[in-house]
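Any read-out appearing in this document is the output of simple, stated calculations on the displayed coordinates, not a laboratory observation. None of the values given here were measured: they were computed from a predicted structure. Cβ placement follows ideal geometry from the backbone for every residue including glycine, while neighbour counts extend to all protein chains displayed.
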């Protein structure tokens with residue numbers, strides 16, 4: 001069990017550029033979640049996958065955001081035409097099953113800074 | 001809708017002193033309750049969770065929390081803190097009918113001084 005990994009750990013980009021983040025969940029975990037955390041706030045839910053199916057998207061996820069989990073393993077989160085308001089820590093988590101008792105394990109996050 | 005309130009944004013305490021981090025939630029349905037800790041430059045780590053049964057829950061690193069349904073609270077306690085407990089602590093809930101996502105509070109920064 002190597003834990004949830006995220007890449008890159010830090011990303012600095014200019015406004016208007018596209019960025020893509022990757023998350024590798026714990027092996028055999030069926031559920032994968034994306035959260036966003038801004039300074040001084042707790043993480044806020046963005047979206048989640050059950051295997052390769054994206055089952056829910058938050059209203060926080062505008063049309064500029066897209067997430068995929070093509071083979072039910074790793075996931076990518078893409079932000080198009082970045083804005084300064086997108087600056088945040090993007091967290092990925094995974095869990096084995098879809099039961100609340102099942103712990104969500106978090107990765108270290110990708111810190112995005114939009115200049 | 002569910003919400004979580006952590007009234008204390010910062011809690012300073014001296015090493016070996018007891019500490020309590022407060023968490024209140026709002027929900028019209030039953031919820032599952034969690035405490036996560038976030039150390040600098042690390043991901044969130046689960047401290048403990050309450051699903052059902054005994055209202056006193058023991059977690060890792062000597063932390064415990066007590067679920068109080070009448071007061072809709074889930075306060076986190078430790079009888080004697082260490083410098084290494086300095087971190088951000090987040091309380092979170094999941095409604096029992098919808099286990100899709102954690103709803104977090106804004107966090108409490110615990111600063112332990114020597």
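Here are some conditions: (1) touching a helix residue (DSSP H, G or I) at 6+ places or on another chain (Cβ under 9 Å); (2) farther than 17 Å from residue A:20 by Cα. Residue A:79 meets all but one. Which one does it not meet?
Every listed condition holds for residue A:79 apart from (2).
Taking the criterion of being loosely packed, with under 14 Cβ neighbours inside 10 Å and over 30 Å from residue A:49 (Cβ atoms), would at least one residue in segment B:83-92 satisfy it?
Yes, that holds for at least one residue.
Can you tell which of A:95, A:87, A:73 is closer than 20 Å to residue B:94 by Cβ and over 11 Å from the mean Cα position of the chain (by Cα)?
A:95
In segment A:1-19, how many are within 13 Å of residue A:74 (Cα to Cα) and touching a strand residue (DSSP E or B) at 6+ places or on another chain (Cβ under 6 Å)?
Adding up the residues that qualify gives 4.
I'd like to check which strands (runs of 3 or more DSSP E) are fully inside segment B:56-114 and have at least 1 residues that are touching a strand residue (DSSP E or B) at 6+ places or on another chain (Cβ under 9 Å) and within 14 Å of chain A (Cβ to nearest Cβ). Before you say what the answer is, go through the steps one by one.
On the way: elements: B:56-58, B:64-68, B:73-78, B:87-95, B:108-113.
Result: B:56-58, B:87-95, B:108-113.
Quick one: count up the residues across segment B:34-48 that are facing another protein chain (nearest Cβ under 10 Å), surrounded by fewer than 21 Cβ atoms within 10 Å (Cβ to Cβ) and assigned to a strand (DSSP E or B).
2
Taking segment A:43-67, which residues are closer than 26 Å to residue B:93 by Cα, free of Cβ contacts under 8 Å to residues at least 12 places away in the same chain and either part of a loop (DSSP other than H, G, I, E, B) or away from chain B (no Cβ under 14 Å) (or both)?
A:59, A:62
Hey, among the residues in segment B:2-17 that are touching a residue at least 40 places away in the same chain (Cβ under 8 Å) and within 15 Å of the chain's Cα centre (by Cα), which one's nearest to residue A:40 (Cα to Cα)?
Taking segment B:2-17 as the starting set, the residues that turn out to be touching a residue at least 40 places away in the same chain (Cβ under 8 Å) are B:2-6, B:8-17.
From the residues that got through so far, the ones that are within 15 Å of the chain's Cα centre (by Cα) too are B:3-6, B:8-11.
Numbers: B:3: 16, B:4: 15, B:5: 13, B:6: 12, B:8: 12, B:9: 9, B:10: 11, B:11: 14 Å.
Within segment B:2-17, the match that is nearest to residue A:40 (Cα to Cα) is B:9.
Taking segment A:72-101 only, how many residues are within 11 Å of chain B (Cβ to nearest Cβ), surrounded by fewer than 23 Cβ atoms within 10 Å (Cβ to Cβ) and either more than 24 Å from residue B:37 (Cβ to Cβ) or in contact (Cβ under 8 Å) with a residue 60 or more places away in the chain (or both)?
Summing the residues that are within 11 Å of chain B (Cβ to nearest Cβ), surrounded by fewer than 23 Cβ atoms within 10 Å (Cβ to Cβ) and either more than 24 Å from residue B:37 (Cβ to Cβ) or in contact (Cβ under 8 Å) with a residue 60 or more places away in the chain (or both) in segment A:72-101 gives 3.
Residue under question is residue A:114, and the condition is that it be within 14 Å of another protein chain (Cβ to nearest Cβ), touching a residue at least 40 places away in the same chain (Cβ under 8 Å) and either surrounded by 16 or more Cβ atoms within 10 Å (Cβ to Cβ) or more than 17 Å from residue B:92 (Cα to Cα) (or both); does it hold? Steps first, answer last, please.
Details: within 14 Å of another protein chain (Cβ to nearest Cβ): no; touching a residue at least 40 places away in the same chain (Cβ under 8 Å): yes; either surrounded by 16 or more Cβ atoms within 10 Å (Cβ to Cβ) or more than 17 Å from residue B:92 (Cα to Cα) (or both): yes.
The answer is no for residue A:114.
Which of the following residues is more than 10 Å from every other protein chain (Cβ to nearest Cβ) and surrounded by fewer than 15 Cβ atoms within 10 Å (Cβ to Cβ): A:16, A:40, A:3?
One residue alone meets the criteria, A:16.
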